1. Go through (1) open to solvent by 60 Å² or more (accessible area, probe 1.4 Å); (2) within 27 Å of Leu10 (Cβ to Cβ); (3) touching a strand residue (DSSP E or B) at 6+ places or on another chain (Cβ under 8 Å); (4) of a type outside the set (S, T, N, Q) one by one and return the number of the condition Arg189 breaks.
2. Can you name the helices (runs of 4 or more DSSP H) wholly within the range 167-273 that have at least 2 residues being closer than 30 Å to Gly100 by Cβ?
3. When Glu199 is evaluated against the numbered criteria (1) closer than 30 Å to Trp242 by Cα; (2) acidic (Asp, Glu); (3) at pLDDT below 95; (4) surrounded by fewer than 15 Cβ atoms within 10 Å (Cβ to Cβ), which criterion, by number, is the only one it fails?
4. State whether one or more residues within the range 47-69 are within 20 Å of the chain's Cα centre (by Cα) and either of a type outside the set (A, V, I, L, M) or farther than 23 Å from Gly193 by Cβ (or both).
5. Somewhere in the range 67-90, is a residue open to solvent by less than 50 Å² (accessible area, probe 1.4 Å), modelled with pLDDT of 95 or more, aromatic (Phe, Trp, Tyr) and closer than 24 Å to His174 by Cβ?
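The values are calculated or read from the model by the stated rules, or taken from the named source; none is laboratory data. Since we're looking at a predicted model, the values are computed, not measured. Positions of Cβ are generated from backbone atoms using ideal geometry, with glycine treated the same way; all protein chains shown enter the neighbour counts. Areas reflect the complete protein model, heavy atoms only, side chains present, ligands, DNA and RNA absent. Shrake-Rupley method; radii C 1.70, N 1.55, O 1.52, S 1.80 Å.
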Amino acid sequence: MDDLVAFQQLARADEQRLDLGRAALAIARIEHPALSVDRELARLDDLAARSTAAEARDPHVALERLLGFLFEEEGFRGNAEQYYDPRNSCLNDVLDRKLGIPITLSILTMEVGRRVGIDVEGVGLPGHFIVSASLGARRIFFDPFNGGAVLTPAQAAQVAAKAVGRPVKLAEAHWAPCPKRQILVRMLRNLKGIYARSEDWLRTLAVVERLLVLDAESPVHLRDRGTVLVRMQRLHEGAAAWERYLTRFPNAQDADGFREELRKVRQKIGSLN
């Protein structure tokens with residue numbers, strides 16, 4: 001089955017039924033086309049089976065065991081030295097190398113947590129992704145990128161400020177559990193930037209097409225699809241995508257600039273005929 005079609009089928013599921021681990025591994029197939037998703041899911045099962053978290057009756061103890069197992073015994077950690085390595089965004093590579101970025105390490109924690117009966121939710125701070133677990137009436141926030149360290153709200157604000165390079169005032173909405181589809185969007189946005197910086201336009205296009213699956217009404221993704229196609233010298237397709245963008249969003253802030261770019265592309269097409 002075509003990878004994009006397979007991703008579309010996964011993305012059709014509602015929030016409760018969406019398999020986050022499987023979808024994250026489907027994204028990893030952009031980097032690793034021959035990847036066996038089922039085999040990688042079995043590795044998550046194995047991690048859960050080797051953790052003693054499920055044996056604990058006290059939920060606090062279970063959470064401590066989960067974090068100790070993943071970040072001390074297994075040694076998963078954030079790859080601050082090579083943050084923009086695309087392998088950090090591929091869950092299979094995270095399992096292989098025990099290195100990742102905040103969002104993939106958070107997905108790892110969520111997926112192993114789910115398998116041992118701990119409800120771990122993603123939390124999308126500005127510039128940084130963390131997770132939370134509810135223990136009775138108390139909600140605990142912790143940072144998989146930094147060894148599963150527990151964060152107070154003030155510490156979380158400091159982490160976010162460091163990530164974005166400016167002071168951050170966190171609003172109530174920042175603490176809300178992040179829906180799975182939004183987690184996937186955030187993953188893909190990371191990868192789009194990584195591939196575009198290295199001018200890997202084929203993989204950038206694959207990312208943008210998946211972003212359009214998840215958020216078909218986004219003007220940014222429609223515009224970017226045209227840009228990538230033009231970079232790939234697929235000028236007719238790129239021009240058509242920009243035309244759709246400008247027709248649907250004629251008053252976008254960058255509309256005049258893209259009208260000029262579209263004019264140049266049309267001239268180039270004409271010169272080739």
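1. For Arg189, the failing item is (3).
2. Fully inside the range 167-273 and qualifying: 180-197, 201-214, 219-231.
3. Of (1) closer than 30 Å to Trp242 by Cα; (2) acidic (Asp, Glu); (3) at pLDDT below 95; (4) surrounded by fewer than 15 Cβ atoms within 10 Å (Cβ to Cβ), only one is false for Glu199: (3).
4. Scanning the range 47-69 turns up no residue that is within 20 Å of the chain's Cα centre (by Cα) and either of a type outside the set (A, V, I, L, M) or farther than 23 Å from Gly193 by Cβ (or both).
5. The answer is yes, given that some residue of the range 67-90 is open to solvent by less than 50 Å² (accessible area, probe 1.4 Å), modelled with pLDDT of 95 or more, aromatic (Phe, Trp, Tyr) and closer than 24 Å to His174 by Cβ.
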